[in-house]
1. Can you list the residues of the range 60-82 with backbone N under 20 Å from a point 7 Å past the Cα of ARG50, pointing along Cα to Cβ?
2. Report the local net charge at MET81: Lys and Arg +1, Asp and Glu -1, summed over other residues whose C-beta lies under 14 Å from its C-beta.
3. Of the peptides 147-155, 6-14, how do they stack up when ordered by the mean number of other Cβ atoms within 10 Å, highest first?
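No value in this document is a laboratory result; all are computed from the given coordinates. Just so we're clear, the structure is a prediction, and the values are computed from it rather than from any experiment. Note: ideal-geometry Cβ built from the backbone for every residue, glycine included; neighbour counts use all protein chains shown.
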Amino acid sequence: QLFAEAASSPAVDAVVLTGSGRYLSSGAAFFDVGVDKVNWPSVLHSQVARLNVGIFHPFIHFPKPLFIAANGPAVGGGTTMQLLCDAVLAAPGATFHTPFKKLGITKEGCSTLTFAQKMGSEGARRMLDEGEKLSAAEAARLGFVDVLVEEGSDLVAAACEFAEGWVSEGRGR
C-alpha cells in the first residue's frame with residue numbers, strides 16, 4: 001500500500017528504502033508469510049509464485065526512481081529486490097546473501113537476469129549459484145553496490161542526497 005501511495009503522490013519524486021534495526025532484510029520464512037505446509041509440489045509452487053509476484057511486482061512496476069540504503073545484512077528476497085531498484089547505496093557493514101542453493105529453492109525476483117546484467121557472470125555465479133555472502137566492499141567491487149558510504153556517515157542522508165541529485169538531473173527509472 002505504501003508503494004501505491006508514493007507512486008500516486010505528486011509530492012513524492014523518488015523513494016529510498018532502508019531497514020530498521022540491524023538488518024535491511026533478514027529474508028522470508030515461507031511458512032511465516034502465507035505459504036502452507038503442503039505435500040503437493042504443484043500447490044507449493046503456486047503459493048510461492050503468488051508470494052513472489054506480491055513481493056517483486058511493486059518494485060518492477062514502480063514509476064518513480066527507487067533506491068536502496070542497505071544499512072545491514074540482506075538475505076534472499078531482501079537481496080534480490082535491490083537490483084530491481086535504480087541504485088544501491090550501502091553502509092560498510094552491509095552484507096548480501098542469496099542462499100537459494102543451500103535451501104534447495106529456485107532463484108527469485110528476476111535475479112538470474114538482473115544479477116548478470118549488473119555484476120557480470122562472475123558476480124552472478126558467486127551469489128546465485130554458489131550462495132556466497134558478499135561484504136559491502138566486495139559487492140561494490142562487483143557492481144552490486146553503486147555507492148559505498150563511508151564508515152560513520154549518515155547512510156539515509158547520503159541516499160536521499162543521491163536520490164535528489166538523480167531527480168534533479170531529470171533521470172527516471
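1. Output list for this probe position: empty.
2. On the way: positive: LYS107, LYS118; negative: ASP86, GLU108.
Taking every other residue near MET81 into account, the sum is 0.
3. Values: 147-155: 14.0, 6-14: 12.2.
Those peptides, ordered most packed to least, come out 147-155, 6-14.
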